[in-house]
Amino acid sequence: MSLSSSAETGAAPVTIAIDGPAGSGKSSVSKQVARELGYGYLDTGAAYRALAWHALAQDADTADPGAVLAAAAEFRYAISLDPDDYWVRVGETDVTDAIREPRVSDAVSGVARVPAVRAQVTELFRALVAESGLPGVVVEGRDITTVVAPDAPARILLTAAAEVRAARRSAELTSHDAAAVAEALHRRDAADSTVVDFLTAADGVTVVDSTHLDFAQTVAAVLDVVAAGNIH
Ligand SMILES: Nc1ncnc2c1ncn2[C@@H]1O[C@H](COP(=O)(O)OP(=O)(O)OP(=O)(O)O)[C@@H](O)[C@H]1O
Ligand SMILES: Nc1ccn([C@@H]2O[C@H](COP(=O)(O)O)[C@@H](O)[C@H]2O)c(=O)n1
């Protein structure tokens, strides 16, 4: 990745904040937007997934906040911000693929609902951006526009109709039953939305609805919002 460093200019990195429900295209669209802007890309869901993976590896009960907090105390986490070289590690273990397994997706909402865990990873996300040395970072998740970076110069809620999101996710997981994939996605959205409201746009947040847009059109729509923010 060829990126000029904000460390060279002394400026804090620009944050582009993107929220949305499961399967709305946050990771794939954010990665491409980051490439086009020459920015870094931060997948915040990966931290919650990696912590769920770590808790499961310790046979912890991810529905028990005390057990989750104990796992979080021993959590050594690292993530790449390079959209062309994405990896996630817990300690020395590369968990990039493992954190996408359905058993982790099923456990992650339990981990993400623990307030002390949210506070810990929110600080981690802010530090990763601030210390990135990059001109900007596209940060995506559920609470980026409202909690992690409420002052970001561009804040977007990326969404799509529930059946479209389920169909896109099921097209990725071809070896899994489509109805089961859709059911798991909706169950996770329902659990997550009790903790963070990522279905309605907060004040100043622009909605990009990709229900009738293809991938390239969605990326262009997000770039339009960024351009309208007149970010330097
Ligand atoms: N506008 C679009 N048109 C068609 N396919 C799309 C579009 N946006 C995203 N996709 C595809 O939808 C799938 C889900 O996207 P992605 O994994 O980026 O969603 P996500 O919001 O990050 O999901 P999750 O929160 O579950 O990680 C991917 O296969 C992606 O390529
Ligand atoms: N800002 C965030 C990001 C994610 N979560 C939780 O992590 C789960 C996995 O996220 P993906 O984006 O990888 O699907 C998600 O289901 C949430 O439980 C979060 O709470 N806040």
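The values are calculated or read from the model by the stated rules, or taken from the named source; none is laboratory data. Computed from a prediction, not measured in an experiment: that's the story for all the values here. Here the Cβ is made from the backbone with ideal geometry for all residues, glycine too, and neighbour counts use every protein chain on show.
A compact table of results
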{"item": "Single unsatisfied condition, V108 versus (1) within 17 Å of the chain's Cα centre (by Cα); (2) in a loop (DSSP other than H, G, I, E, B)", "result": "(2)"}
{"item": "Of all residues in the range 87-102 being closer than 13 Å to H54 by Cβ and part of a helix (DSSP H, G or I), the one that is nearest to ligand 2 (Cβ to nearest atom)", "result": "I99"}
{"item": "Enumerated helices (runs of 4 or more DSSP H) restricted to the range 20-83, each holding at least 3 residues that are in contact (Cβ under 8 Å) with a residue 12 or more places away in the chain and under 13 Å from the mean Cα position of the chain (by Cα)", "result": "26-37, 45-57"}
{"item": "Residue in the range 39-52 that is among the β-branched types (V, I, T) and within 16 Å of ligand 2 (Cβ to nearest atom) present", "result": "yes"}
{"item": "Among (1) modelled with pLDDT of 95 or more; (2) buried (at least 17 other Cβ atoms within 10 Å of the Cβ); (3) within 17 Å of S28 (Cα to Cα) - the single one H212 does not satisfy", "result": "(2)"}
{"item": "L173, sole failed condition from (1) within 14 Å of ligand 1 (Cβ to nearest atom); (2) surrounded by 18 or more Cβ atoms within 10 Å (Cβ to Cβ)", "result": "(2)"}
{"item": "Residue count, the range 80-92 (criterion: surrounded by 14 or more Cβ atoms within 10 Å (Cβ to Cβ) and farther than 18 Å from V29 by Cα)", "result": "3"}
{"item": "Residue identified as assigned to a helix (DSSP H, G or I) and more than 14 Å from ligand 1 (Cβ to nearest atom) among R126, R155", "result": "R126"}
{"item": "Residue within the range 88-105 that is within 12 Å of ligand 1 (Cβ to nearest atom) and among the hydroxyl-bearing types (S, T, Y) present", "result": "yes"}
{"item": "Every residue from the range 136-152 that is buried (at least 20 other Cβ atoms within 10 Å of the Cβ) and more than 8 Å from ligand 2 (Cβ to nearest atom)", "result": "G136, V137, V138, V139, T145, A149, A152"}
{"item": "S109 being within 29 Å of S170 (Cβ to Cβ), without any contact (Cβ under 8 Å) to a residue 24 or more places away in the chain and buried (at least 16 other Cβ atoms within 10 Å of the Cβ)", "result": "no"}
{"item": "Scan of the range 182-195 for residues that are within 13 Å of ligand 2 (Cβ to nearest atom) and within 18 Å of T211 (Cβ to Cβ), ordered by number", "result": "L185, H186, D189"}
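Residues are listed down the side, and each one gets a yes or a no for (1) surrounded by 14 or more Cβ atoms within 10 Å (Cβ to Cβ); (2) basic (K, R):
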site: R35; (1), (2): yes, yes
site: T44; (1), (2): yes, no
site: Y48; (1), (2): yes, no
site: A63; (1), (2): no, no
site: E101; (1), (2): yes, no
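A quick yes/no check of all residues on (1) more than 9 Å from ligand 1 (Cβ to nearest atom); (2) in contact (Cβ under 8 Å) with a residue 12 or more places away in the chain:
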position	(1), (2)
R168	no, yes
V181	yes, yes
L199	yes, yes
V205	yes, yes
D214	no, no
Q217	no, no
A220	yes, no
V225	yes, yes
